[in-house]
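The values are calculated or read from the model by the stated rules, or taken from the named source; none is laboratory data. None of these values were measured; they are calculated from a predicted model. We place every Cβ from the backbone using ideal geometry, glycine too, and count neighbours over all the protein chains shown.
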């Protein structure tokens, strides 16, 4: 792909340093995998296509997550969405399955696929003294381009995404769960970024991955430049005008990872800062936008069958320098991840000839430089 | 079925009057439906059986719920569970689909079935300006009796439960989502109850329905009598002793309905009181017990496409007499619904010859009378 | 005082063993102090008396709490109340001052007194790089007996309560913050209890202290016996009848302590179980009742100026045996603490000749034995 | 005062139209009052001065607030702060007293002053069947300039602020609760702004008032321009360097008002959007910053003694156009209110010769125009 990431254009969001891949995978052990479904074109035939969707999975580590959970937290910025698994993460402070992102109506089947996958790895799940598994699924609505009623993401795609998940650079743009998404009226998708804390603050890494599907065209901001006031996507086809309701504003899923040894309460504090990163891109957390955040730390593994009554766990001191840097790191990562999703995604035509255009990067960069 | 409900035995939980059916369906318009799956016996063959599970649906009214939503709230007492749909109910204060209860690992497929059912009724869902649908699914773990890994509840069972849902008396015990559940070591299942407010408090009705799958045998209380200290279920087979972990305490789903015109905040206040009803049966909200509450009011229909910017909605005055009576009504309903689930459920033998015995009603009643 | 605690009468709430004093002070290091204000009689002269109020303080340890904080959590069962300090405890998971309980309208002055006391011990508070102090104050409304508008608790009483705070047995009943409170129509006040975990669960101690001022007379339950249906307090004077509103149901403050090394999330889980203990005494969390819980662990001290970026902290394993016992321990402590407050409190006559009668212990015990 | 508001300089935050005063008082009925305490100079003598503090009150309407409450909500962005009154607003969804903002250590005395003031207006408070009053107090730490330990705001200042509260233009900058505050290293204080919804969205007004005391100098953004990277305040005196901890980031209190008929849930949704407005000014919700939001609607008065069991209340339709505009209105108001607090505040020298400089407006405007 020839489209640049935002930082490649010379526009630099924030003030902190990114990690080597400027990706959530800069947090050691984290893996990302996608399965992308693109087929058919022309008029929507619900249940048949055209298909522009997929699934993206984030694995906190490469081992058995059910046996070796990670500390985690979740946060709802605007709850107009259908996430699964949040209640148990809130109660127990751990994640014990891959995190999967997909389209809204596919949450049930993707959840079932994750359950099936977990059982394959742990044939005792739900039997005897072994509890059931809490799978975490997020979603956004890709129905403008995709035959969303068709729920085309099935167990084989979920499995493929998990099995192909890898460390290293993350492909961004219109793939996986971001295949059919729309962001500020432009083609959105998957984006990622990372930040390194200074050595005196522990030298930790923070990474973010987003599935961007939110925002009104007027509102887009790029590193402070009010791009949305100057550059607008070509008009969408009729549905918008025909609607008696305001333009729907989509949704965004945000996944945060860090190797800083944070407990669930502290990870929840990170989640809250994702909202500030989102705001920097122009979001006002629109009514119809399901904006959710999931955060985990790779620093500690919480065993399913603990070996002792009490564990000695490392926890970052709230009053020390680490928290001071973790919050702006989250804000910057989320801002840049959203921008990367826009910069990298290519124009996509989907059902009913609906076309979502790629952000005109040169024009945007030019406007940013002038402003 | 010849087993009595608790009130039939002369034991009366609480002080308020029940409605005509002493059931959640005493709230006008509410419908309940079940689909029950019982097949096979002998050793567990994961994915094949034996099957002891099902699905129970609660419909706030008989019309199109997506088009005419009801005001609603949710509450998590202990979040060790896998409910779906809670975030959107918290944000928007409405329920727009049937509420389905099933087994833990079946949440994905049941959710998908509800989505499919909603699309059949509203072919525009997710298309054009029409948003996607938020389905609400609750669960408990019936893996002691059931081949839970098999996820045997499919779209046809969900459809059957919805289509058979009816007003009037509710069958209780080991059916629907309660087919394979265990409560205080005895056979649990579906239970229901209702209460009428005095005329001076508006004459409203409150109803509860539970899927009971919680509690340690020692802790069972029946209207104040410490039954669990005197009467214990026969020993379960080996898994308990073999486990290095404490006995799992299961879960409970509680659904509340009322015709009092409460808003989402007030319905959430009702939900909180369900915890007091649960405590009266001996629950201490065990670590492994996913205890969740869902409440809705049938008094107002919130249209998907509102006709005006502002609606004039009836809302109960917080400082008036209605709230004063609604809270004890909830407590009493939940207590009696749990007891009804125990009194009505018959002994069930499931996978691996696991048997969960019916509560010995005569013995319990005798003990209650003596104490 | 000659009135017995509940356990002295042979009635035993719950199944676990209490600690040596059956008090919150069985958690090593915890101190409790009271200051009681009783003066005047006859007609209410707002601002002048009669006075029937006070303050009770709970100190997690005897050292400087601002410098050496304890891990903590808070929980609101019903938020009709005026607690101070909850937001910061939720965010940071620590308590850094004595916890003070008093009457509702005195929260401001008692908070100011705690602030003043903290400054005396730490003259740098709010100056330079030292942050301000978060004081935690709870309250219930003692206005039936007390000239509550007078806000008679001042800095000297707060100081006296702190300075007199001690380990060992805790005096219960109508003193300190419980001087003027009413519980189920009877004289309530301060009550406490504790429970010991079995050695295999870590042998930890859990303690509760309550300021009981809640409950409708009809609802009182004593270890399962529906005492309130049989034994009613003498009629109160006119105000009840004169009121167009339902009888106010008061409030309760619950403080939990443990030496188990729980983090803030786990302490919050303990708080939730206090609601089950309350329900066992007959509470339905009445509309007008501000029911709040505060919990802390003495196991770890969180230094104001941490010596390192990361601390190695002991944390109980959620999946181990400790959580399994901590929850019923909380439920039993809270139930017994409320009962102790009722059993120990003596009849009190306050403003306008209002009299709140002591629970008739013999009659209650007799009824419990018969039922 | 000759310093301009941000909009006077030609820099326009956001895209919506402000109301006539561009102030929270554009919401009809809302009143704002201040009392400012400036005395002494030179070295800090704790308890004596120098004094640079005050109190700001916001009255939702000019009548008796206890008798005629307004629907309200609260939200905590970062809970490192000492607000009072939040629990009851969450539970009951109303505010029943003036909202007071002051310095952190003065919360107790200001709360007591509000209680005293309420009793003067309603001599029955806490007596008979009349409940006590829930006062709402917010704060930020002005200890860099002010003798914060002295708690110099007393009942007379609170009374003066309430009695002088008025509709119409609001004086901004270093007065009232903003007398001693610091924002992004510059002099902050009180700021306000408003927005009008289009007629098709109901033509409602939204207003915000902030007490700004947050932000790291590097982070200041003015309408997208990264001012903080270019323009830095003169170095503060020693304490910063001497501190082993990161620079404290202060706090912000945000009060939102609207005449749109929102219920408590919807007002809470507005509160969440204040966080996006804050982020636009460069905030990352710093660890040490207590960032709180309070919102109320003037559209409905909730009577203390309701005349009926059920009220017919106007409520905005969530799915209609009003919510669509209310969210960006909040974001823009909060952003502009913070900027106004910075633009209007003049240089202040306080205790120990500490000086906080006024934002160099010309330089900032120049930078904004160039970028």
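The table for this structure:
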{"item": "Any chance residue A:43 is touching a strand residue (DSSP E or B) at 6+ places or on another chain (Cβ under 9 Å) and surrounded by fewer than 24 Cβ atoms within 10 Å (Cβ to Cβ)", "result": "yes"}
{"item": "So residue B:150, is it more than 9 Å from chain A (Cβ to nearest Cβ), more than 16 Å from the chain's Cα centre (by Cα) and touching a residue at least 60 places away in the same chain (Cβ under 8 Å)", "result": "yes"}
{"item": "Residue C:171 being away from every other protein chain (no Cβ under 11 Å), modelled with pLDDT of 95 or more and closer than 26 Å to residue C:87 by Cα", "result": "no"}
{"item": "Failed item in (1) crowded, with 17+ Cβ neighbours inside 10 Å; (2) at negative phi, with residue D:346 passing the rest", "result": "(1)"}
{"item": "Residue within the range C:238-250 that is more than 15 Å from the chain's Cα centre (by Cα), modelled with pLDDT under 95, part of a loop (DSSP other than H, G, I, E, B) and away from chain B (no Cβ under 14 Å) present", "result": "yes"}
{"item": "Filter result for the condition that a residue is within 19 Å of residue B:170 (Cα to Cα) and in contact (Cβ under 8 Å) with a residue 24 or more places away in the chain, over B:23, B:73", "result": "B:23"}
{"item": "Residues of the range C:266-304 that turn out to be touching a helix residue (DSSP H, G or I) at 6+ places or on another chain (Cβ under 6 Å), within 11 Å of chain B (Cβ to nearest Cβ) and within 18 Å of residue C:314 (Cβ to Cβ), as a count", "result": "1"}
{"item": "Test: residue in the range D:70-86 that is more than 11 Å from every other protein chain (Cβ to nearest Cβ), under 26 Å from residue D:198 (Cα atoms), modelled with pLDDT of 95 or more and in a loop (DSSP other than H, G, I, E, B)", "result": "no"}
{"item": "Test: residue in the range B:109-122 that is more than 7 Å from every other protein chain (Cβ to nearest Cβ), surrounded by fewer than 23 Cβ atoms within 10 Å (Cβ to Cβ) and free of Cβ contacts under 8 Å to residues at least 24 places away in the same chain", "result": "yes"}
{"item": "Condition check for residue B:182: crowded, with 24+ Cβ neighbours inside 10 Å and over 15 Å from residue B:357 (Cα atoms)", "result": "no"}
{"item": "Residue that is nearest to the other protein chains (Cβ to nearest Cβ) [pool: residues in the range D:44-69 that are farther than 23 Å from residue D:187 by Cα and in a strand (DSSP E or B)]", "result": "D:69"}
{"item": "Test: residue in the range A:133-145 that is more than 10 Å from every other protein chain (Cβ to nearest Cβ) and either over 18 Å from the mean Cα position of the chain (by Cα) or modelled with pLDDT under 95 (or both)", "result": "yes"}
{"item": "Residue check, residue C:317 buried (at least 24 other Cβ atoms within 10 Å of the Cβ) and facing chain A (nearest Cβ under 7 Å)", "result": "no"}
{"item": "Members of the range C:280-292 found to be more than 19 Å from residue C:103 (Cβ to Cβ) and under 16 Å from the mean Cα position of the chain (by Cα), listed by number", "result": "C:281, C:283, C:285"}
{"item": "Test: residue in the range D:46-67 that is in contact with a strand residue (DSSP E or B) (Cβ under 9 Å, 6 or more places away or on another chain), closer than 30 Å to residue C:76 by Cα and without any contact (Cβ under 8 Å) to a residue 60 or more places away in the chain", "result": "yes"}
{"item": "Check on residue A:102, closer than 30 Å to residue A:304 by Cβ, more than 7 Å from chain B (Cβ to nearest Cβ) and in a strand (DSSP E or B)", "result": "yes"}
{"item": "Yes/no for residue C:326 being crowded, with 24+ Cβ neighbours inside 10 Å, assigned to a helix (DSSP H, G or I) and in contact with a strand residue (DSSP E or B) (Cβ under 8 Å, 6 or more places away or on another chain)", "result": "yes"}
{"item": "Pairs with Cβ under 7 Å, 6+ apart, first in the range D:130-144 and under 18 Å from residue D:49 (Cα atoms), second surrounded by fewer than 24 Cβ atoms within 10 Å (Cβ to Cβ)", "result": "D:143/C:127; D:144/D:354"}
{"item": "Selected residue (only one of B:312, B:305 is surrounded by fewer than 19 Cβ atoms within 10 Å (Cβ to Cβ) and assigned to a loop (DSSP other than H, G, I, E, B))", "result": "B:305"}
{"item": "Residue D:17 surrounded by fewer than 17 Cβ atoms within 10 Å (Cβ to Cβ), over 18 Å from the mean Cα position of the chain (by Cα) and within 30 Å of residue D:155 (Cβ to Cβ)", "result": "no"}
